[in-house]
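Read through the structure below, which is laid out as structure tokens, and then see the notes.
Each value in this text was obtained by applying a stated rule to the coordinates, not by laboratory testing. No experiment lies behind these values; they were computed from the predicted model shown. Quick reminder, even Gly has a Cβ in these numbers, built from the backbone with ideal geometry, and neighbours come from all protein chains shown.
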Amino acid sequence: MQSMHHVAPPHFTPPQGHLGAHLLPDLSDFDIGTSSDSGSPELMIAPAVTYHQHRACGALVRRMYSWRGYRLTPPRQQLGDPNHVTLGAWLDRDLVATLTASRDSSAGLLADTLYGHEMAALRKPAKVICEVTRLAVDLDCHDPELLKSLFRGAYQYARAVFGGTDVVIEVNPRHAGYYRRQLGFTQVGSLRTCPRVEAPAILLHRTLGNLHF
């Protein structure tokens, strides 16, 4: 059954509260339709704003990275940092996925560590490069549209708030086919070992001019 997907606007502020690992934005804050089938699950994409929302997203990242055997370094993002945003995906009141989107700045991007030459080639006066990191999806979530919806939310935020024109992501090569086929990426960096997670990685890139996928 097709679920209803909604991407929250950048100004959305999820409710405050000590809800632990599961935090649901208040759907009444949005002018959205309702599913014709009340039993259909609803997916909400929204920025994490409070400390507890960030903690919930961080806990999901740690759990899924540990499950995959990846090393995890502390996040660069601080609350209120204008160059980073953590997005969460909530499905039937559960946090099921998260990622962090970052805008290029004087501090650079994480991809610069492995792919400095490739990143330098992408940087041009009219370009604003953004980066996706700390992606995690709960194993219990089987919604086939989840990852597309989460990336669509990240792209919309990057364009509307960051003024982004391009996005890069370092991925394990065994997942690269999906990113190329389903999310419109192309490979711009060769196979290397990412020291942050101690796993193989390649660098992928796409422009943000067309969000149809």
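What does the C-alpha gyration tensor say about the overall shape of segment 93-213? Classify as rounded when a/c is under 1.5, otherwise prolate if a/b is larger than b/c, or oblate.
Values: a/c = 1.63, a/b = 1.22, b/c = 1.34.
In terms of gyration-tensor shape, oblate.
If we count other beta carbons within 10 Å of each Cβ, what is the order of ASP143, ASP81, fewest first? Each step should come with its number before you reach the end.
Details: ASP143 19, ASP81 14.
Lowest to highest Cβ neighbour count: ASP81, ASP143.
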Original post:
Cα centroid distance between segment 180-213 and segment 88-129, in Å?
Top reply: 11
**OP:** Treat each spin label as a single point 7 Å out from the Cα along the C-beta direction, and report the THR193 to HIS175 distance in nm.
**Re:** 2.0
Original post:
From the phi of every residue in segment 105-112, what ³J(HN,Hα) in whole Hz does the Karplus formula 6.51 cos²θ - 1.76 cosθ + 1.60 yield, where θ is phi - 60° and glycine or proline is x?
Top reply: 8, 4, 7, x, 10, 4, 5, 4
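Would segment 135-189 count as rounded, prolate or oblate if I go by the C-alpha gyration tensor, calling it rounded below 1.5 in a/c and otherwise prolate when a/b exceeds b/c, oblate otherwise? Write out the running numbers ahead of the final one.
Values: a/c = 2.10, a/b = 1.18, b/c = 1.79.
The shape class here is oblate.
Would you work out the Kirkwood radius for segment 164-213? I mean one over the mean of 1/r across all pairs of different Cα atoms, in Å. Don't jump to the answer; show the numbers that get you there.
Numbers: mean 1/r = 0.0888 Å⁻¹.
Kirkwood radius, segment 164-213: 11.3 Å.
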**OP:** Using packing as a proxy for protection, rank 107-116, 188-197, 130-139 so that the peptide with the highest average count of other Cβ atoms within 10 Å comes first.
**Re:** 130-139, 107-116, 188-197
